[in-house]
Amino acid sequence: MLAIGRALMSNPRLLLLDEPSLGLAPIIIQQIFDTIEQLREQG
């Protein structure tokens, strides 16, 4: 999760995520995917 946050700090045009949910609790996985969806909608 920290790696995703660090990657977003540089305001990338493209963000490639390789298994972002690996090793996380199911409730956290849903929150992460919801946040990723919101970021995608924002452009």
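Please treat every number below as a calculation from the coordinates, not as lab data. No experiment lies behind these values; they were computed from the predicted model shown. FYI the Cβ positions are ideal-geometry reconstructions off the backbone, even for glycines, and counts take in every protein chain you see.
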**Message:** Six or more apart or on different chains, Cβ atoms under 6 Å: show the pairs whose first residue is in the range 1-21 and more than 14 Å from Leu39 (Cβ to Cβ) and whose second is surrounded by 12 or more Cβ atoms within 10 Å (Cβ to Cβ).
**Reply:** Ser21/Ile29
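Okay, residues lined up against (1) surrounded by 10 or more Cβ atoms within 10 Å (Cβ to Cβ); (2) in contact with a Pro (Cβ under 6 Å, 6 or more places away or on another chain); (3) in a helix (DSSP H, G or I); (4) among the polar types (S, T, N, Q):
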position: Gly5; (1), (2), (3), (4): no, no, yes, no
position: Pro12; (1), (2), (3), (4): no, no, no, no
position: Leu15; (1), (2), (3), (4): yes, no, no, no
position: Gln31; (1), (2), (3), (4): yes, no, yes, yes
position: Thr35; (1), (2), (3), (4): yes, no, yes, yes
position: Gln38; (1), (2), (3), (4): no, no, yes, yes
